[in-house]
Amino acid sequence: MVIKKEKSNIKDKKGKKGKKEIIPRTLNKIPKYPIVYLAWGSLLWDYHQLPVVFSPRPWQRTYGLEIPLEFSRISDQGKGRMTLVIDDVEGEKNLVWYAPCLETNFNKAIGALRKREKTSPENIAYLNLITANYRINNTPKKLVQKIINWADKNEFRGVVWTDLPSNWSEVRQKQYSIENALNYYDLLDTETKTLARDYILNAVKYAQIKTPFSEIFLKR
């Protein structure tokens, strides 16, 4: 399947033209194979703000699709816990999870995730396999093609996911490493450290995510 790039008036951080959110077609009936959300972090245990199908369970494994993940993003403008993001440099490939969306309108599906993540539209990626439109800002091209192939094989109408990059070098002024991540964790205040630990343990327990950082962290 060929995915077409949309023209846009939205500017990215470098001032270049990015990809705008299109107005997708609204289906006349409930689709047999819906739009799906991808998830690997807190969405798995805190998903109640999303319009997802709850029965028999909201999240299912993405068999046939692995995504490189690492705890290489710092939340709360560089002052919070480490969070999982797509990282094809430092990350380890993992099966992630998907949940069928109750919305048949792409704008509403995208907007729901944007609201839940409290982020800007350009940080929410989507692939519309009906119109062949998309918005991708940070996910590597090779991974995007794998997501397309996976969604096409499963006959999903589209895929939506959080497209935040690692911000470690920007925030910490040094290259990400396990040692640097552990040092950052150790210097957190008590409240933030508890939040960080809970997030990491939940990611391992609920998401069944394994990364180079989490393997070392759990041995401490």
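Any read-out appearing in this document is the output of simple, stated calculations on the displayed coordinates, not a laboratory observation. Computed from a predicted structure; not experimentally measured. Cβ placement follows ideal geometry from the backbone for every residue including glycine, while neighbour counts extend to all protein chains displayed.
The table below gives the values:
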| quantity | calculated |
| --- | --- |
| Cα pair distances of the chain binned at 5 Å [whole percent] | 1, 6, 15, 19, 20, 16, 11, 7, 3, 1, 0 |
| Estimated inter-spin distance, residue 186 and residue 219, nm [label 7 Å along Cα→Cβ] | 1.6 |
| MRE, 222 nm, helices only [DSSP H, n ≥ 4, -39500 (n - 2.57), over the chain, to nearest 500] | -8500 deg cm²/dmol |
| Nearest 10 degrees, 0 to 90: helix 106-117 Cα axis against the chain principal axis | 10 |
| Candidates per trypsin sites (Lys or Arg not before Pro) in the range 59-125, loop by DSSP, up to 14 other Cβ within 10 Å | 79, 118 |
| All aspartates and glutamates inside 17 Å of residue 115 as judged from Cα atoms, apart from same-chain residues fewer than 8 positions distant | 21, 46, 76, 103, 163 |
| Amide proton proximity set for residue 177, modelled H, under 5 Å, gap of 5+ | none |
| Karplus 3J(HN,Hα) series, Hz, for the range 48-54 with 6.51 cos²θ - 1.76 cosθ + 1.60 (x for Gly, Pro) | 6, 8, 8, x, 10, 6, 8 |
| Sequence-distant residues sharing a close amide H with residue 129 (under 5 Å, placed H) | 158, 159 |
| Amide hydrogen neighbours beyond the local backbone of residue 95, cut-off 5 Å, H modeled | 67 |
| Check: the range 4-218 dipole with +1 on Lys, Arg Cβ and -1 on Asp, Glu Cβ, in debye | 1120 |
| Sites residue 49 and residue 193 - FRET efficiency at Förster radius 35 Å, r taken between beta-carbons, to 0.05 | 0.85 |
| Using θ = phi - 60° and Karplus 6.51 cos²θ - 1.76 cosθ + 1.60, couplings along the range 181-189 (whole Hz; Gly, Pro as x) | 5, 5, 5, 4, 4, 5, 8, 5, 5 |
| Taking the C-alpha atoms of the range 67-156, convex hull volume expressed per residue in Å³ | 116 |
| Phi-based couplings in Hz for the range 71-86 (Karplus 6.51, -1.76, 1.60; Gly and Pro marked x) | 7, 10, 10, 9, 7, 6, 6, x, 10, x, 6, 7, 10, 6, 9, 5 |
